[in-house]
Amino acid sequence: MARSQATSELSTGSAAAERIQQLRHEIEQHNYNYFVLDSPTVSDAEFDALMRELRSLEEENPDQVTPDSPTQRVGGEVGQGFRPRKHPRPMLSLGNAFTHAQLDAWHTRVRNLIPTATFDFVVEPKIDGLAIALTYERGVFRVGATRGNGIEGEDVTANLRTVKDVPKNLAADPIPEVVEVRGEMYMTAQGFEKMNEERAADGLPLFANPRNSAAGSLRQLDPQVTAKRPLRLWSYAIGYADGLETESQWEALELMRSWGFPVNPLVRHVESMQEVQAYCDEMAAARETLPYEIDGVVVKVNMVSLQEELGAVGREPRWAIAFKFPPRQGTTRLNDIQVNVGRTGAINPYAVLEPVVIGGVTVKLATLHNEEDIHRKDIRVGDRVIVQRAGDVIPQVVKPVVEERDGSEKIYKLPDKCPSCGTAIIRPESEAMAYCPNPQCPAQRFRWIEHFVSEPAMDVQGLGERLVQLLLDHGLIRDPADIYSVNVEQLMGLPGFKEKSASNLIRSIERSKTRPLDRVIFALGIRYVGSQVAEKVAEAFPDMDRIANATIQELEAPEGIGRKTAESIVEWMSREDNRDILRRLKEAGLSWIAEPHEEVEGPLSGTTLLITGRLDDLSRGQAESRLRDLGAKIAPGISKAVDYLVVGAEPGSKLEKARKLGTPIKDEAWLLDVLEKQRFADE
């Protein structure tokens, strides 16, 4: 697979480290948008390209690989409003192949790992929906959960009970004591269109596509809303079964059918890779005729014994892969290139298109990334351009149709000044993105406040984009801290507000004060500090005042916080206007100190450990959780207080620091032995 020019230029050194950090930040945000908000802002193809670039850079710079990298784990986090549900076994994410050659390369890797084995396969359409896990006890449906982050999902049992395809009781023996069946929730094209027709008749906004509609429908807080949505289910695997073993994936599918689960009739058992590839071509040709969205084919090694022997690497099983179809594309006219200003000042160009229907969706706008990317692709205003989408909200301009140029097309140049405040735009040497450096820029302020009140941040319910703009326009707020000074009387002076609606919003603002410290850190909108980085900062520095006064060296010491992020935090905290906002947020009563992990009395009480590098059999989060359950403390960084450093593959700088301090160093086998001994002791 050829790497991009940008990747080649960043293959080594500090530039690579900075690009890796930037890619992780972008991917974390896209994962959150996709898995939690059900609102992706980039195409699948664009996301895959970011992941490929990150993998390539990490392969060339193994010292930069950390266990929290998106390449080492499943994307997505548990959203707010639902109870968490821990999966009995992780719900892993599939690696991708985009060509027959890549599919052959996967097959070769599998054969090389077990050269004496004879492989057969199960192939099935890859449904563009939402993965779920359904748990049955003595044949009765008890719990249903989303995939979430792969380790822990959301308990959406009440909503799943309203879906007719979900069996309430298993229909035939053998019925295990406990069994978890995994599947994909989706909407048919007909169901999606009918739902949108009804919404249009009711004057409601239309949904963008079936995938996001299915995900949003399942994650409704009111099950009655879910019940009205045309959700369907295809089941595809037995995730866990107590007292039941199946020899093959094909046998598991037959068993699920007998229990009453819908299994896609297009699933097929094949004996060779030639048949696998023929099936992929067959599904690609049938894609437009199917009554539901598919974006590829899932290929699985059939025999369970071989699956177990192959195991997983990072977030992906070695025994399965997704063959991804090319994104849907269309051709249209690029009428204009405009820009918007993000909350960190990023100047984001976007394409204004002649409307074109691609895969049943009318596309009018598309992403263009940055000026450098526009010039690299030689995209000009007035061009006929190829636009692609893959079930996403914001499509992507792929390239111009150069053959159709007539000479009237214009080369694009990014504005010299911010369109919102008129400040001269800057472009840091190490970045492709241009920025408005004015922190008082109205567009930045709006986007910052919008981010601050959003669900993954402070979650001020009822305070959406329209109301944020209304409060700004009437001078009631200038920054996030002002939100906590707004009162009922002021709101009632605004158009559309009455006493009840004003009181409801004030109550929502008050409730937001209880959000934990990591959410407050994320809400501040500091560049490079996504939700997961905010969690790491709060764990290492459980007091906002400590964070505000920390040095770059202190901030970059904990695992998973890079130097660029540390520099960004220090720069943000050093500005006087931000200091004033922090002071007012503290006075308003927001969470300023993180709740400590509840200490458990156990066989490892009094022991402090730290894990660095990639573990093969457990994710870092799983290992830390099990250690805490046994009473151990997990250190935020290496110090004399650490009793043991557990080292996985490709460890970072923690290993060298531990050697200098004389900290006892253990490997993953030692860790697994400790955990296994305690498990047997408990039994």
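Values in this text are rule-based calculations from the coordinates and carry no lab data. Values in this document were obtained by computation on a predicted structure and should not be read as measured data. No Cβ is skipped: glycine too gets one built from the backbone with ideal geometry, and neighbour counts run over all protein chains shown.
In a fully extended conformation the segment linking TRP592 and ALA201 would gain 136.1 nm over its present Cα-Cα distance, using 0.36 nm per residue. The trypsin sites (Lys or Arg not before Pro) found in segment 403-446 that occupy coil by DSSP, while having at most 10 further C-beta atoms within 10 Å, are LYS413. Would you compute the Debye intensity of segment 461-598 from its alpha-carbon atoms alone, equal scatterers and no solvent, and pass along log10 I(q)/I(0) at q = 0.20 Å⁻¹ to two decimals? The calculated log intensity ratios at q = 0.20 Å⁻¹ are -1.15. For ARG161 and ARG138, the difference between the fully extended length at 0.36 nm per residue and the C-alpha to C-alpha distance is 6.6 nm. Under the criterion of Cα pairs below 8 Å and six or more residues apart, the relative contact order for segment 517-588 equals 28 percent. Placing a label point 7 Å from the Cα of ALA669 along the Cα-to-Cβ line, no residue of segment 306-349 has its backbone N under 17 Å from it. One chain, two ends: GLN102 and GLU309. Fully extended at 0.36 nm per residue, the span grows by 72.3 nm beyond their Cα-Cα distance. Rounded to the nearest 500, the 222 nm mean residue ellipticity of the chain from helices alone is -10500 deg cm²/dmol, with -39,500 (n - 2.57) taken per DSSP H run of at least 4 residues. Site pair VAL357 and GLN274 shows an inter-label distance of 4.1 nm when each label is modelled 7 Å from Cα along Cα→Cβ. On a per residue basis, the convex hull of the C-alpha atoms belonging to the chain measures out at 179 Å³. The GluC sites (Glu not before Pro) found in segment 376-456 that occupy coil by DSSP, while having at most 11 further C-beta atoms within 10 Å, are GLU429. FRET efficiency for the pair GLU403 and HIS474, taken as 1/(1 + (r/R0)^6) with r the Cβ-Cβ distance and R0 = 56 Å, rounds to 0.60. Taking Lys and Arg as +1 and Asp and Glu as -1, the other residues whose beta-carbon sits under 12 Å from that of ASP416 total +2. The residues neighbouring GLU177, those whose beta-carbon lies less than 10 Å from its own, together hold a net charge of -1 under the Lys/Arg +1, Asp/Glu -1 convention. Based on the Kirkwood approach, the hydrodynamic radius assigned to segment 218-312 is 16.0 Å, with every pair of different Cα atoms included. Computed from the C-beta positions of GLU576 and ARG659 and an R0 of 51 Å, the FRET efficiency is 0.75 to the nearest 0.05. Taking Cβ atoms as reference points and 10 Å as the exclusive limit, the residues near TYR435 contribute a net charge of +1, counting Lys and Arg as +1 and Asp and Glu as -1. Between VAL225 and GLU193, the FRET efficiency from the beta-carbon distance, with R0 = 22 Å, is close to 0.70. Applying a threshold of 23 Å to the alpha-carbon distances of LYS164/LYS300; LYS324/LYS536; LYS228/LYS500; LYS564/LYS586; LYS126/LYS300; LYS564/LYS640 flags LYS164/LYS300; LYS324/LYS536; LYS228/LYS500; LYS564/LYS586; LYS564/LYS640 as lying beyond it. Which whole number in µm²/s is D for segment 517-588 by Stokes-Einstein, with the Kirkwood Rh taken over Cα pairs at 25 °C and 0.890 mPa s? It comes out at roughly 205 µm²/s. Sequentially through segment 637-643, phi angles give Karplus couplings (6.51, -1.76, 1.60; θ = phi - 60°) of x, 6, 7, 5, 6, 7, 7 Hz, Gly and Pro residues having no value and appearing as x. Ranked by how many other Cβ atoms sit within 10 Å of their own Cβ, fewest first, the residues MET273, MET187 fall in the order MET273, MET187.
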